[in-house]
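Engineer: Quick one: this structure, given as structure tokens, is what I'll be asking you about.
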Amino acid sequence: MADDKEELVVAELHKKIKEAFEVFDHELNNTVDVREIGTIVRSLGCCPSEGELHDLLAEVEEEEPTGYIRYEKFLPVMTKVLLEKRYRPIPEDVLLRAFEVLDQAKHGFLTKEELIRYMTEEGEPFSQEEMEEMLSAAIDPETNAINYKEYITTMVIDDS
């Protein structure tokens, strides 16, 4: 009985992976541009760091990198990632504590300038593209700040 349930889970994962992959398979030839893999992985509920994504790419790329990833190589690797629940999103309370540490004045928000400084100068820095994407989603245009409690609720995937 357990084997049937596991097969069902794997079949469901394969379906999700195929659907996510096909969105970016513009040539309909079971390949995607290597630059799309991060988006595909994140669309499947995973949140790898850039380093983890780099390692994942090393697993699915051809011996001689072509700039494209084949579905046949991506499927088993991504299935394993999902079954092992790798690259899980950070829990809401941990994200809140991280923002609170940055918000030393305890205002409940960070200014756009503060956010840019923290995201580009601390830890694993965001690229310009990642920074712009985050700012467009996070910053309230009226206040030019991020109310991080509201923002966190949009970031966290409900896993219940």
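Engineer: Test of understanding: among Asp55, Asp158, which residue is within 30 Å of Glu7 (Cβ to Cβ), open to solvent by 60 Å² or more (accessible area, probe 1.4 Å) and at pLDDT below 90?
Structural biologist: Being within 30 Å of Glu7 (Cβ to Cβ), open to solvent by 60 Å² or more (accessible area, probe 1.4 Å) and at pLDDT below 90 holds for just one of Asp55, Asp158, which is Asp158.
Engineer: Restricting the first residue to segment 1-29 and requiring it to be touching a residue at least 40 places away in the same chain (Cβ under 8 Å), which pairs with a second residue that is surrounded by fewer than 13 Cβ atoms within 10 Å (Cβ to Cβ) meet a Cβ separation below 9 Å and a spacing of at least six or different chains?
Structural biologist: Going by the 9 Å Cβ cut-off, the qualifying pairs are Val9/Leu83; Val10/Leu83; Leu13/Leu83.
Engineer: Please determine whether any residue of segment 99-119 is closer than 30 Å to Lys18 by Cα and exposed (fewer than 14 other Cβ atoms within 10 Å of the Cβ).
Structural biologist: no
Engineer: Oh, and also: Can you tell me how many residues within segment 1-32 are modelled with pLDDT under 95 and touching a His at 6+ places or on another chain (Cβ under 9 Å)?
Structural biologist: Counting residues in segment 1-32 that are modelled with pLDDT under 95 and touching a His at 6+ places or on another chain (Cβ under 9 Å) gives 0.
Engineer: Sticking with this structure for a sec: At least 1 residues that are aromatic (Phe, Trp, Tyr) and within 25 Å of Ser127 (Cβ to Cβ) in each: list the strands (runs of 3 or more DSSP E) lying fully within segment 21-112 that qualify.
Structural biologist: Answer list for segment 21-112: 68-70, 109-111.
Engineer: Condition (residue is acidic (Asp, Glu) and farther than 19 Å from Gly38 by Cβ) applied to segment 131-139: is it met by at least one residue?
Structural biologist: no
Engineer: Are any of the residues in segment 85-94 in contact (Cβ under 8 Å) with a residue 60 or more places away in the chain, farther than 17 Å from Pro48 by Cα and surrounded by 14 or more Cβ atoms within 10 Å (Cβ to Cβ)?
Structural biologist: No; the residues of segment 85-94 include none that is in contact (Cβ under 8 Å) with a residue 60 or more places away in the chain, farther than 17 Å from Pro48 by Cα and surrounded by 14 or more Cβ atoms within 10 Å (Cβ to Cβ).
Engineer: Hey, another quick one. State all residues of segment 31-52 that are open to solvent by 30 Å² or more (accessible area, probe 1.4 Å), in contact (Cβ under 8 Å) with a residue 24 or more places away in the chain and of a type in the set (Ser, Thr, Tyr); if no residue qualifies, say none.
Structural biologist: Ser49
Engineer: Need pairs with beta-carbon distance below 8 Å; first residue part of a helix (DSSP H, G or I) and within segment 122-151, second open to solvent by 70 Å² or more (accessible area, probe 1.4 Å) and at pLDDT 90 or above; sequence gap 6+ or separate chains.
Structural biologist: If the second residue must be open to solvent by 70 Å² or more (accessible area, probe 1.4 Å) and at pLDDT 90 or above, the pairs left are Tyr148/Phe109.
Engineer: Right, Leu75: modelled with pLDDT of 90 or more and open to solvent by less than 90 Å² (accessible area, probe 1.4 Å) or not?
Structural biologist: Yes.
Engineer: Sticking with this structure for a sec: In the list Lys112, Lys73, which residue meets the criterion of being closer than 30 Å to Leu28 by Cα and of a type in the set (Lys, Arg)?
Structural biologist: Lys73
The values are calculated or read from the model by the stated rules, or taken from the named source; none is laboratory data. Here the structure is a predicted model, which means the values were calculated and not measured. Note that each Cβ is placed from the backbone with ideal geometry, even for glycine, and that neighbours are counted across all protein chains shown. Only protein heavy atoms, including side chains, enter the accessible area calculation; ligands, DNA and RNA are left aside. Shrake-Rupley method; radii C 1.70, N 1.55, O 1.52, S 1.80 Å.
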